[in-house]
1. How much accessible surface area, in Å² rounded to 10, belongs to the heavy atoms of His250 with a 1.4 Å probe?
2. Tell me which residues come under 5 Å, amide H to amide H, from Leu227 once H is placed; ignore anything under 5 positions away on its chain.
3. I need to check one value: relative contact order of segment 110-182, counting alpha carbon pairs closer than 8 Å and at least 6 residues apart, in percent.
4. Please report the spacing between the Cα centers of segment 249-267 and segment 35-52 in Å, no decimals.
5. Given a 10 angstrom Cα cut-off, can you work out which residue in Pro401, Pro151, Pro28 is the most mobile in a GNM of the chain?
6. With label points built 7 Å along Cα→Cβ from the Cα atoms of Thr218 and Val342, find their separation and express it in nm.
7. Taking the Cα centre of segment 72-144 as origin, work out the dipole magnitude from +1 charges on Lys and Arg Cβ and -1 charges on Asp and Glu Cβ, in debye rounded to 20.
8. For the chain, calculate the relative contact order in percent as a whole number, restricting contacts to Cα pairs under 8 Å that are 6 or more residues apart.
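The values are calculated or read from the model by the stated rules, or taken from the named source; none is laboratory data. Quick caveat, the model's predicted, so the values are computed rather than measured. Every residue, glycine as well, gets a Cβ built from its backbone with ideal geometry; the counts of neighbours run over all protein chains shown. These area figures cover heavy atoms from the full protein model, side chains too; ligands, DNA and RNA do not enter into them. Shrake-Rupley method; radii C 1.70, N 1.55, O 1.52, S 1.80 Å.
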Amino acid sequence: MTDLFEASGVHPPESDKGDAPLADRLRPASLDQVVGQDHLLGEGGPIRRMVEAGRLGSMILWGPPGTGKTTIARLLATAAGYQYQSISAVFSGVADLKKAFEQARVRRAAGQSTLLFVDEIHRFNRAQQDGFLPFVEEGVVTLVGATTENPSFELNGALLSRSQVFVLKRLDDAALDQLLTRAEDNEGRPLPLRPEARQALLALADGDGRYLLTMAETLFALPPEPLDVQGLASVLQKRAPAYDKSREEHYNLISALHKSVRGSDPDAALYWLARMLNGGEDPLYLARRIVRMAVEDIGQADPLSLLVANAAKDTYDFLGSPEGELALAQAVVHLATAPKSVAVYEAWKAASKAARETGSLMPPAHIRNAPTKLMKSLGYGAGYQYDPSTEDGFSGANYFPDGMDRRVFYAPKGEGHEEKVKARLERWAALRAARAEGS
């Protein structure tokens with residue numbers, strides 16, 4: 001919350017700094033102290049090159065919470081000699097934006113550049129985002145926007161075209177451990193944790209440096225007796241995983257689940273299924289996607305997969321959570337370990353395309369329905385052969401419309417059940433060709 005209040009122009013008095021949260025007291029004083037973002041700030045990194053050149057360009061910093069977006073913006077202004085000004089889309093409106101731009105224009109007239117940091121920039125609506133454009137284009141401000149949401153979806157294309165998007169990474173264990181070491185140096189004593197509990201603390205942080213330091217501050221207030229993993233769990237609540245069912249994380253995780261099933265990796269597929277269920281995803285949404293996987297990626301290679309997927313959906317409907325989730329897991333494992341074939345999927349796309357292209361061609365007369373004498377007199381149904389009664393159970397007749405050449409849409413891949421289907425189709429094709437030659 002400190003960053004939000006600061007972005008809105010509310011700052012704690014200097015005298016209160018000693019009472020500030022640990023995360024605020026350990027805020028980096030230079031770009032070299034920022035952890036986990038060497039790809040941007042390290043030697044040869046794009047932001048580092050801007051600073052060394054002494055000229056900043058407008059940018060969007062996109063990354064998870066607690067990865068240093070606000071800190072980087074402030075340090076950039078200091079390093080490049082810009083005046084730092086910040087607003088938050090949570091607290092600010094049009095009047096605040098106008099005031100910020102007017103102040104920046106006055107500074108510019110005095111020869112002072114302004115870095116305008118906009119926290120949660122994706123929360124501004126499209127019209128408000130458009131309001132930045134003339135001031136960015138004129139160079140009145142250098143815009144640094146921070147967002148946890150995918151800029152491609154949440155920000156105007158015009159604004160993106162005038163900014164570079166830099167992706168901040170969630171902090172890995174090495175970066176998080178650096179932060180814990182700094183916290184211990186600041187306190188002058190180690191965290192009261194056994195080695196395995198320290199590792200569990202890093203896992204609890206889930207890549208969020210600010211959250212890690214908040215937990216560390218709680219632990220420093222405890223008696224010095226080291227805690228084991230169970231003791232740590234009794235002190236700290238497990239953090240809910242970062243997951244928003246309506247935003248990009250939702251689509252990333254369902255894509256990971258689908259592609260793990262398609263890639264025949266049951267272990268990864270179970271992991272992504274668990275991640276989505278733990279994040280609060282609707283199990284019936286997952287059931288629908290599992291049915292889709294069965295028909296799209298497996299098809300005739302294992303026709304049983306569709307029955308298993310539907311049965312999992314029905315089982316969940318019957319049992320609910322948590323018991324019914326096991327049925328979804330069973331279906332995911334079945335699909336991931338099943339042979340794969342997109343032959344039906346490709347055949348359907350090709351047949352649909354052909355149907356659109358050929359319009360209203362009539363079926364050949366011999367397979368038209370002939371319920372009346374008039375229809376029979378017009379040749380409907382004439383010459384029809386009942387395939388089960390023919391030699392080999394196959395007549396080889398033409399079933400495509402008159403005026404349309406025969407096409408092959410379904411080409412089985414030869415995996416699983418389709419191996420037999422492929423052999424059967426090849427035999428029928430040979431019979432069809434032989435009878436065509438004899439006619």
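1. For His250, the solvent-accessible surface is approximately 10 Å².
2. Leu193, Arg194
3. On the way: 56 pairs, mean separation 25.4, N = 73.
Reported relative contact order: 35 percent.
4. Computed from Cα coordinates, the inter-centre distance equals 33 Å.
5. Largest GNM mean-square fluctuation: Pro401.
6. 4.6 nm
7. Working: 8 positive and 7 negative charges, 30 e Å.
Using only the charged Cβ atoms, the result is roughly 140 debye.
8. On the way: 590 pairs, mean separation 49.2, N = 439.
So the answer I get is 11 percent.
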